[in-house]
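K.L.:
Have a look at this one.
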Amino acid sequence: MRHTESVPTTRQAGNWHPVLRTVATVLLFAAAYFVLQRLTFTLRFPPYQRTTIWAPGALLFTAFLLAPPLRWWVYYTGLCIGVYAAYYGDTAIPETSALLAAQFHFVAVASGVLVMRRLGAGAPFGNTASLLAFVPVATVLVPVLTTGPIDAMRFVSGAPDVWPVAVRSALCVALGVLITTPALTLTFANGLAGLRTEIRRRGVEIAGLAAALAVAGFFCFEWPAGATASPALLCAPLPLLLWAAMRLGLAAVCWALVVVAYQSTRGAVHGNGPFASHPPAEMVLEVQFFLFAVSLPLMLLATVIEERRRAVATLAEREQEVRGQYAQLATIYHTAPVGLAFVDLELRLVNVNDFLADLNGLPAEAHIGQTVRQIFPRYADTIEPDYRHVIETGHPVVNVEVHGAPASPSAAGRCWVLSHYPVKDAAGALLGVNTVVQEITERKRTEERFRLVVESTPTAVVIVDAAGKIVLINSRCEQLFGYRRKALLGQSVDVLVPERFRRAHTGHRAAFSESPTARPMAAGHELYGRHKDGSEIPVEISLTPIQAAEGPLVLCAIVDVTERKRADEARQELAHASRLALMGELTASIAHEINQPLGAILSNADAAEMLLEASPAPLDEVRQILEDIRKDDLRASEVIRRLRALLRKREMELQPVDVNDLTAEVMLLVRAESLRRGVVVETGLTPGLPPVRGDKVHLQQVLLNLLLNGMEAMAGVSGEKKLTVRTALNSKGYVEVAVGDAGAGVAPDRLPRLFEPFFSTKAEGMGLGLSIARSLVEAHGGRIRAENAPRGGAVFSFELPACGEQAGRESRAAEKVLGGAIP
Amino acid sequence: MTSATPIVHVVDDDDSLRAAVCRLLRAAGHEVRGYPSAGDFLLARPKNTPGCVVLDVHMPGPSGLDLQAGFADLDDALPIVFLTGHGDIPMSVRAIKAGAVDFLTKPVQRDALLTAVRSALNRDAVDRTAREKSGALRSQFDTLTPRERAVFALVVAGKLNKQIAGELGASERTIKAHRAQVMEKMRVTSLPELVRAAEQLHESTSLPAPV
């Protein structure tokens, strides 16, 4: 219900049951046939009882053209009923013979419609081609198939006048189908609604035409003039038919022809009009020829005119569209932010847009018709050859850089890029050249600035494309790697990587291009570059991704760290020497640390020996002694291990270090020394400090140095010798270790120089300890300082950057990405 | 009192070394007690008991040398054997001068330790006897009247009765009686014995030396 409500036309049809509808259609068709056939009977000529035009034949043809073949049976049924009813009681032809003839007619029409469909005339009337397909079907195929079998039967049965009857019957069927089918089809093709629209639109004109035709036809064909009627009267309806053809189309012409056929036939039958002069048997042929002669050209004319009219309407529509598009293009042309010019084959400017006119400083109209040389005298020598090249070869010339003439104050220092494209007509003949001008002055300047910055930077710079090819290098890079610029450009960057790292490097480059972020290369690993002579250069590299027009690039900034490495090594040496010296100071205490377990071992062994002499020997106690001996042995070797760790000559090893653990370990080392010196060491360690990233031994060395200095400072103190060691997180987020003594403090004028090399307040000191401590702390990114405490004594402290969770995670992630030993 | 078993007191802050030394001394047949610091020893040691101290020099708190210095003022001081991890010569000289029996370095040889302990115990025994003797003399001396003490001093100074009488402004007969009284109270029978008693008294007390 909802569906039918939403579509009113189908609701109307839907009110009828399909069976009812079919029955109604059958009856309606039969009735129409009956009426038309009976009308035809009134126009029969003696002696053959044939008429000029058989309109009922067009009914079936129209129905089959408009209905799908599966519904043809409905009209077939209607036809049979109509034929039987119409011929019932007819004297000339018995109804059974008529029914048989209807069968032939059905076959003929079905064949005709199928042939037309086969020829592709889907919409049968509307263009010349489909009309030309229709004409032979209507005038030859259908008549022959309809009447042929009956004529053959009459011939076989020996009936009289077979041939004249056959010709007249065939022409009768042909005329009926030819004229009536287009009239019915075009009228009912759009349904009753289309008919109503047409009447509303042209009703008056149609009515007028119909009236005029009726009047003209009456005077022409039915005026009882007898033998005096002039043949010229035949031309009377012609203007009206032409009117219908030119103004109202094929349907109207056909209807008009139907009217003319009816009138002319009626006139002939009743002995009026121009055809009255002949005997009736001849008049049938006369009328039929007349109707053919009139209808074929008029139908063709109507179709051609219709076609023309449609073509003109389509053309007008197209023109409108093209005008709109042209207006759009013209707007784009004149407002485009690039200069555009069209130049003919003589290099005259045909068109320039406003942008180019502004660029040139002349109004756009001033350019038109002038030659390129007249308008651009300074650049003609540069650009004319390009134009000639385009004109001669027909190929475009693109991206030609043109620099502003230095003599022109408005153009000097500016730069444009020109592209010339050939313009051809549809046949491929060259019409001229279109030129696109883009100003790239800013881009050039930016590029130049970038080049200068890169060139003048003291860092070696290599820019590499996604495939690893070198795109740009600066002079520092030439110097560092020993190559000339030309030798490197276009080469793979692997040339600059030592052979032993190349394989890994390729993988890392791929990893970088997957997640390009600015970062130092291979954080935490030593990198080497390869000089032209094959030697390796220690370097540090930072990578920055660049998005360029030609694709992603990577800027590698390379710093030569040879000098720094040398300095690092020297510092390691010094630090080691200084550690040896520190240990020298601690010799006595260290001996004590080792002697203590050794003494215990000796005494335990002696005791055991004596115990074993007793009988019975107290074996449990001896076992306990052995256990203690083992413990003391381990204790002694632990001391030695710690010493070795401190004394070994080694590279800096960075790892997370807990400063509290570090302090506790150093306290073990100086315990004996503090006892020896009678110094009380008080520690205040803040729990839960974040780790620092550093070298454990170096940091121990710094703290040891400060502790021994503190003890030394209190050597002459008579009161309590108290040394305090505190760890804390300071306000900067650094981990701080402070060593305070109860000595005399440092003279204020000496404070600033304490950390200078060879500056010592001690008589026997070399003055290296604190300066090395400072360089070690600074190598960790920290700071060391000394000050006098308000209550007396000096405080030495150093702070180190905490490596928080964040830093730890980053470095781990970097190592994961970059893998193991990385150049 | 003299019959009590002597105790060897071992004072060392290093637990394992102390235990080992104690064990060794015990195996050698000594009664031994160990203390982790000088303070512990001073608080816990039994009074008036014979023995000796095996003492570490470097300890947290008062050092061995501090203990030695404090010990000198006490009545029942014990002889000290020093045991050190890193002794230097000035330190050992100072310790010996202050009366230490020996100054041993770790690791210590068994015989050296046992010998030192034995001699320390011997010295303690001798000192203890001497101290006991001088204690008796002292109490005898305490019974003397001031007049008798004056006479005692002059007698041991070798003065004749007549001279003493002259100096004190008394008759010779009175002096004679005092002298007899002194001899009796000091439980001596001859002048040389009296002189020796006076010498011993001087050593252990602050009595004026017999000239």
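K.L.:
Name the single residue that is nearest to the other protein chains (Cβ to nearest Cβ) among those in the range A:601-621 being part of a helix (DSSP H, G or I) and out of contact with any helix residue (DSSP H, G or I) (no Cβ under 7 Å at 6 or more places or on another chain).
P.N.:
A:Leu602
K.L.:
OK, next. With the checklist (1) over 30 Å from A:Thr51 (Cβ atoms); (2) open to solvent by 40 Å² or more (accessible area, probe 1.4 Å); (3) at pLDDT below 90 in hand, flag the one item A:Leu356 doesn't pass.
P.N.:
(2)
K.L.:
What number goes with the only condition from (1) closer than 20 Å to A:Glu593 by Cα; (2) within 14 Å of chain A (Cβ to nearest Cβ); (3) in contact with a strand residue (DSSP E or B) (Cβ under 7 Å, 6 or more places away or on another chain); (4) of a type in the set (A, V, I, L, M, F, W, C) that B:Phe103 does not pass?
P.N.:
The failed condition is (2).
K.L.:
I'd like the full set of residues that are farther than 16 Å from A:Val19 by Cβ and open to solvent by less than 30 Å² (accessible area, probe 1.4 Å), limited to the range A:70-79.
P.N.:
Residues satisfying the conditions are A:Trp72, A:Leu79.
K.L.:
So, one more: In the range A:577-600, what residues are aliphatic (A, V, I, L, M) and either at the interface with chain B (Cβ under 9 Å from one of its Cβ atoms) or under 23 Å from B:Arg110 (Cα atoms) (or both)?
P.N.:
Answer for the range A:577-600, where residues must be aliphatic (A, V, I, L, M) and either at the interface with chain B (Cβ under 9 Å from one of its Cβ atoms) or under 23 Å from B:Arg110 (Cα atoms) (or both): A:Ala588, A:Ala591, A:Ile594, A:Leu598, A:Ala600.
K.L.:
Next question. Pick from B:Ala153, B:Ala116: which is at pLDDT 85 or above, more than 22 Å from B:Leu25 (Cα to Cα) and aliphatic (A, V, I, L, M)?
P.N.:
B:Ala153
K.L.:
Still on this model: Go through the residues of the range A:684-694 one by one and say whether even a single one is open to solvent by 60 Å² or more (accessible area, probe 1.4 Å) and modelled with pLDDT of 90 or more.
P.N.:
Checked the range A:684-694: at least one residue is open to solvent by 60 Å² or more (accessible area, probe 1.4 Å) and modelled with pLDDT of 90 or more.
K.L.:
Can you tell me which of B:Asp76, B:Asp66 is among the charged types (D, E, K, R), facing chain A (nearest Cβ under 10 Å), in contact (Cβ under 8 Å) with a residue 24 or more places away in the chain and open to solvent by 10 Å² or more (accessible area, probe 1.4 Å)?
P.N.:
Just one listed residue meets the conditions, B:Asp66.
K.L.:
Just one of the numbered conditions (1) among the small types (Gly, Ala, Ser); (2) in contact with a strand residue (DSSP E or B) (Cβ under 8 Å, 6 or more places away or on another chain); (3) closer than 24 Å to A:Asp354 by Cβ is not true of A:Gly394; which one?
P.N.:
It is condition (3) that A:Gly394 fails.
K.L.:
Just give me the residues in the range B:158-199 being of a type in the set (Lys, Arg) and open to solvent by 90 Å² or more (accessible area, probe 1.4 Å), in sequence order.
P.N.:
Listed by number, the residues that qualify are B:Lys162, B:Arg173, B:Lys176, B:Arg187, B:Arg196.
K.L.:
Restricting to the range A:511-545, give me the number of residues that are open to solvent by 50 Å² or more (accessible area, probe 1.4 Å), modelled with pLDDT under 80 and under 34 Å from the mean Cα position of the chain (by Cα).
P.N.:
Total meeting the criteria: 8.
K.L.:
A further question follows. Out of the range A:341-353, which residues are open to solvent by less than 30 Å² (accessible area, probe 1.4 Å), outside any strand (DSSP E or B) and under 18 Å from A:Arg373 (Cβ atoms)?
P.N.:
Residue satisfying the conditions is A:Leu347 alone.
K.L.:
Here is a list: A:Leu643, A:Leu703. Which entry is open to solvent by less than 40 Å² (accessible area, probe 1.4 Å), under 23 Å from B:Gly85 (Cα atoms) and either away from chain B (no Cβ under 14 Å) or not aliphatic (A, V, I, L, M) (or both)?
P.N.:
So the residue among A:Leu643, A:Leu703 that is open to solvent by less than 40 Å² (accessible area, probe 1.4 Å), under 23 Å from B:Gly85 (Cα atoms) and either away from chain B (no Cβ under 14 Å) or not aliphatic (A, V, I, L, M) (or both) is A:Leu643.
K.L.:
May I pose another question? When you scan the range B:127-136, do you find a residue that is in a helix (DSSP H, G or I), of a type in the set (Lys, Arg) and open to solvent by less than 30 Å² (accessible area, probe 1.4 Å), even just one?
P.N.:
Yes, the conditions are met somewhere in the range B:127-136.
K.L.:
Among the residues of the range A:579-592, is any outside any helix (DSSP H, G or I) and either over 30 Å from A:Asn709 (Cβ atoms) or not hydroxyl-bearing (Ser, Thr, Tyr) (or both)?
P.N.:
Scanning the range A:579-592, I find at least one residue that is outside any helix (DSSP H, G or I) and either over 30 Å from A:Asn709 (Cβ atoms) or not hydroxyl-bearing (Ser, Thr, Tyr) (or both), so the answer is yes.
K.L.:
Looking at A:Val338, A:Val400, which is the one that is in contact (Cβ under 8 Å) with a residue 40 or more places away in the chain, surrounded by fewer than 17 Cβ atoms within 10 Å (Cβ to Cβ), touching a helix residue (DSSP H, G or I) at 6+ places or on another chain (Cβ under 7 Å) and within 21 Å of A:Arg445 (Cβ to Cβ)?
P.N.:
Within the list A:Val338, A:Val400, the selection yields A:Val338.
K.L.:
Might you let me know whether the range B:37-51 holds any residue that is in contact (Cβ under 8 Å) with a residue 12 or more places away in the chain, under 24 Å from A:Asp632 (Cα atoms) and at the interface with chain A (Cβ under 10 Å from one of its Cβ atoms)?
P.N.:
No: zero hits.
K.L.:
Exactly one condition in (1) modelled with pLDDT under 80; (2) more than 24 Å from B:Thr84 (Cβ to Cβ) is not met by A:Glu585; state its number.
P.N.:
Just one mismatch for A:Glu585, condition (2).
K.L.:
I'd like the residue in the range B:79-100 that is of a type in the set (A, V, I, L, M) and crowded, with 16+ Cβ neighbours inside 10 Å and, out of all such residues, is nearest to the other protein chains (Cβ to nearest Cβ).
P.N.:
Applying the filter and picking the extreme gives B:Leu83.
K.L.:
Hey, another quick one. Scan (1) out of contact with any helix residue (DSSP H, G or I) (no Cβ under 9 Å at 6 or more places or on another chain); (2) within 27 Å of A:Trp255 (Cα to Cα) for the single condition A:Trp73 breaks and write down its number.
P.N.:
Looking at each condition in turn, A:Trp73 falls short on (2).
K.L.:
Another question, if that's okay. Quick test of your reading of the structure: A:Leu668 fulfils all but one of (1) away from chain B (no Cβ under 14 Å); (2) open to solvent by 30 Å² or more (accessible area, probe 1.4 Å). Name the failing condition by number.
P.N.:
(1)
K.L.:
Suppose we keep only residues that are open to solvent by less than 40 Å² (accessible area, probe 1.4 Å) and at pLDDT below 90 within the range B:1-36. Which one would you say is farthest from the other protein chains (Cβ to nearest Cβ)?
P.N.:
B:Asp13
K.L.:
Tell me, yes or no, whether the range A:785-798 has at least one residue that is open to solvent by less than 20 Å² (accessible area, probe 1.4 Å), on the phi < 0 side of the Ramachandran plot, touching an Asp or Glu at 6+ places or on another chain (Cβ under 7 Å) and hydroxyl-bearing (Ser, Thr, Tyr).
P.N.:
Yes - at least one qualifying residue is present in the range A:785-798.
K.L.:
When you go through A:Arg44, A:Arg38 one by one, which is the residue that is open to solvent by 50 Å² or more (accessible area, probe 1.4 Å) and in contact with a helix residue (DSSP H, G or I) (Cβ under 9 Å, 6 or more places away or on another chain)?
P.N.:
Answer to the selection: A:Arg38.
The values are calculated or read from the model by the stated rules, or taken from the named source; none is laboratory data. Quantities reported herein were computed from a predicted structural model and do not represent experimental measurements. Methodologically, a virtual Cβ is constructed for each residue, glycine included, from the backbone with ideal geometry; neighbour enumeration extends over all protein chains shown. For the accessible areas, the whole protein counts, side chains as well, though only heavy atoms, and no ligand, DNA or RNA atoms are used. Shrake-Rupley method; radii C 1.70, N 1.55, O 1.52, S 1.80 Å.
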